[in-house]
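Enquirer: Submitted below is the structure of interest, expressed as structure tokens.
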Amino acid sequence: MHHVLIALIAAGCSTSEGDDTDTVVVDNPLEDPVDGPPAGNPNAEATCEVPADAGLEDVSTPRTVVGDGTPASCTSAAVVSAVAAGGVITFDCGPDPLTITLDQTAKVFNDTGPRIVIDGGGKITLSGGGQRRILYMNTCDEAQVWTTDHCQDQDHPQLTLQNLTFIDADSASETEYDGGGAVWARGGRLKLVNTRFFRNGCALEGPDVGGASVRAFSQSGGLPVYVVNTTFGGAEDLGNTGSNGGGVSSIGVSWTIINSLFSHNHAVGNGGNPSQPNTPGGGSGGAIYNDGNTMTLSLCGTRIEANDVVQHGSAIFFVTNDHTGDVRIDRSVITRNVGGSWYPTWPQISNHDDTPIVVTDSVIE
């Protein structure tokens, strides 16, 4: 086994916006959940600082409270209606954890923000019932209301998902906006804090379809998607599965992933991108699939372990078509990811050989 240990003086958790940002402490109500592993990286060798704008959003004055204090009042229709209304959304479904199975996808309307927060309080699980995507946001979808003439790069809605679990979503039936088994988001900003993604899936083949849990596009001003204290998979029976990107997938999007865990996720397509002859394509990025041009993948305090692929990047697939992107790995562990080929610089990471990859205080083996 190829074992690499880098022990350098780390200058704080790298982000796409520099290292001089104020930091916050993020309380995590999903540290001791009733079902499944906790949100975040329980084996972190080091806990990384969380930039102020990457932390929990204030939900003290919600626009909508789903439920009246009873589990029966927390219905699919109530969730879908709350998401359509936008603003800050919280839940009052009784004292115990509750799973709400959606009978239709909840869709964000772009004129209901600019700040949209869905906070499960550490108790709420949203399920796709094995049949549908759970949440959809798209600033360039006229049906969800155009709010600018530059939908591909606008600063709203700013969608935060926090203290929530997403389970048993499946977007395989989606054809126009494929991938993104649990969450599909284009435009504005997307942030995940204290979230968990279990047994979600998208199409199982195709050269560029991906994001068994989350698929993202067109973040405002090239700012990153923040992922903080979040778990994708975490156990053998809870992994997420898609053609590419068993955890997350994106085109032209930067990610800053802090104190999180990706494990037991699967990229099961075959043939890569572009597809090899006589193959359906796909099979790359067991945990993370990043494609596009100028972008940064930043990992801090994050573990990527026991994911698998058919084609490339058992842990990470990172390809910038114009060779301008970079990867930063700090205080993280990448281990025991299996399958695939094309590992020019580091094990388990597929990238162009001229892609800068800066590794500090991390283990890649």
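Enquirer: Test of understanding: what is the full-extension gain from ALA84 to ASP111, defined as 0.36 nm times their sequence separation minus their Cα-Cα distance? Before the final figure, lay out the partial values.
Expert: Details: separation 27, 0.36 × 27 = 9.72 nm, distance 0.98 nm.
Roughly 8.7 nm would be gained on extension.
Enquirer: Now, a different point. Mind putting a number on the dipole of region 66-186 about its Cα centre? Charges go on the C-beta only, +1 for Lys and Arg and -1 for Asp and Glu, and I need it in Debye to the nearest 20. Could the numbers behind the result be given before it?
Expert: Details: 6 positive and 16 negative charges, 55 e Å.
The calculated dipole for region 66-186 is roughly 260 debye.
Enquirer: A follow-up question, please. Of the options THR101, GLY180, GLY113, report the single residue whose Cα projects farthest towards the positive end of the charge dipole of region 41-181 (beta-carbon charges: Lys, Arg +1; Asp, Glu -1).
Expert: Farthest towards the positive pole: THR101.
Enquirer: Roughly speaking, what is the centre-to-centre gap between region 310-365 and region 57-117 when only Cα atoms are used, to the nearest Å?
Expert: Centre-to-centre (Cα) distance: 38 Å.
Enquirer: So what are the radius of gyration and Dmax for the Cα set of region 208-342, in Å?
Expert: My reading of the Cα-based Rg and Dmax gives 13.4, 41 Å.
Enquirer: Enter the mean projected area of the convex hull around the alpha-carbon atoms of region 81-127, in nm², rounded to one decimal. If you can, show how the numbers build up before the last one.
Expert: Values: hull surface 13.4 nm².
For the Cα atoms of region 81-127, the hull's average projected area reads 3.3 nm².
Enquirer: With everything on Cα atoms, drop me the angle between helix 76-85 and the longest principal axis of the chain, reported from 0 to 90° to the nearest 10.
Expert: 80 degrees
Enquirer: While we're looking at this one, here's another question. Please give me, ordered by residue number, the GluC sites (Glu not before Pro) of region 116-197 that lie in loop per DSSP and have at most 15 other Cβ atoms within 10 Å. Intermediate results must be reported in sequence, preceding the final value.
Expert: Working: sites: GLU142, GLU174, GLU176; in loops: GLU174, GLU176.
Hits after loop and neighbour filter: GLU176.
Enquirer: Could you run the Debye sum over the Cα atoms of region 161-210, one equal point scatterer each and no solvent, and tell me log10 of I(q)/I(0) at q = 0.16, 0.24 Å⁻¹, two decimals?
Expert: -0.49, -0.95
Enquirer: Also, quick follow-up: Using alpha carbon centroids, what distance separates region 187-216 and region 220-294, in Å?
Expert: The distance from the Cα centre of region 187-216 to that of region 220-294 comes to 7 Å.
Enquirer: For region 32-154, what Kirkwood radius comes out of the mean inverse Cα-Cα distance, in Å?
Expert: Working: mean 1/r = 0.0615 Å⁻¹.
Here the Kirkwood hydrodynamic radius works out to 16.3 Å.
Enquirer: What ranking of LYS107, LYS191 emerges when the number of other C-beta atoms within 10 Å of each C-beta is taken as an exposure proxy, fewest first? Numbers along the way, then the final one.
Expert: Values: LYS107 17, LYS191 22.
Lowest to highest Cβ neighbour count: LYS107, LYS191.
Enquirer: Work from the charge dipole of region 16-149 (Cβ charges, +1 for Lys and Arg, -1 for Asp and Glu, about the Cα centre) and give the residue of TRP146, SER73, ALA85 farthest towards its positive end.
Expert: Of the candidates, SER73 comes out farthest on the positive side.
Enquirer: What Kirkwood hydrodynamic radius do you get for the chain when you take the inverse of the mean 1/r over all pairs of distinct Cα atoms, in Å? Provide the component values of the computation, followed by the final result.
Expert: Details: mean 1/r = 0.0504 Å⁻¹.
Computed over the chain, the radius equals 19.8 Å.
Enquirer: Project the alpha carbons of region 114-232 onto their principal axes and report the range along each, largest first, in whole Å.
Expert: 37, 34, 23
Enquirer: Determine the calculated [θ] at 222 nm for the chain from helices alone, applying -39500 (n - 2.57) to every DSSP H run no shorter than 4 residues and normalising by the residue count; nearest 500 deg cm²/dmol. Please report the intermediate quantities before stating the final value.
Expert: Working: 1 runs with 10 residues, N = 365.
One gets -1000 deg cm²/dmol as the mean residue ellipticity at 222 nm.
Enquirer: Also, I was wondering about something else. Using the count of nearby Cβ atoms within 10 Å as a rough guide to exposure, how do HIS266, HIS150 rank from fewest to most? Walk me through the intermediate numbers first.
Expert: On the way: HIS266 23, HIS150 9.
Placing the least packed residue first, the sequence is HIS150, HIS266.
Enquirer: Can you tell me the order of 73-79, 108-114 when each peptide is scored by its average per-residue count of other Cβ atoms within 10 angstrom, highest first? If you can, show how the numbers build up before the last one.
Expert: On the way: 73-79: 17.3, 108-114: 19.4.
Put in order of decreasing packing, that is 108-114, 73-79.
Enquirer: Still on this structure: Got the relative contact order for the chain handy, in percent, Cα pairs under 8 Å and 6 or more residues apart?
Expert: Values: 1260 pairs, mean separation 52.3, N = 365.
The value is 14 percent.
Enquirer: Send over the semi-axes of region 50-121's equivalent ellipsoid, whole angstrom and largest first, taken as the square roots of 5 times the C-alpha gyration tensor eigenvalues. Before the final figure, lay out the partial values.
Expert: Numbers: eigenvalues 87, 51, 22 Å².
Semi-axes, largest first: 21, 16, 11 Å.
Enquirer: Just want to confirm a number: the relative contact order over region 56-177, from Cα pairs under 8 angstrom separated by 6+ residues, in percent. Please report the intermediate quantities before stating the final value.
Expert: Values: 278 pairs, mean separation 30.0, N = 122.
Result for region 56-177 is 25 percent.
Enquirer: Ok, one more. Mind checking the dipole of region 244-349: about its Cα centre, +1 per Lys or Arg Cβ, -1 per Asp or Glu Cβ, Debye to the nearest 20?
Expert: Numbers: 4 positive and 6 negative charges, 43 e Å.
It works out to roughly 200 debye.
Enquirer: Summarise the long-distance tail of P(r) for region 275-365 by giving the % of C-alpha pairs beyond 19 Å. Spell out each step's value before the answer.
Expert: Values: 1416 of 4095 pairs.
Above the 19 Å cut-off, region 275-365 has 35 percent of its Cα pairs.
None of the figures in this text is laboratory data; all of them are computed from the coordinates on show. Every value quoted in this text rests on a predicted model; they were computed, and no experiment measured them. Virtual Cβ from ideal backbone geometry, glycine too; neighbours counted across all protein chains shown.
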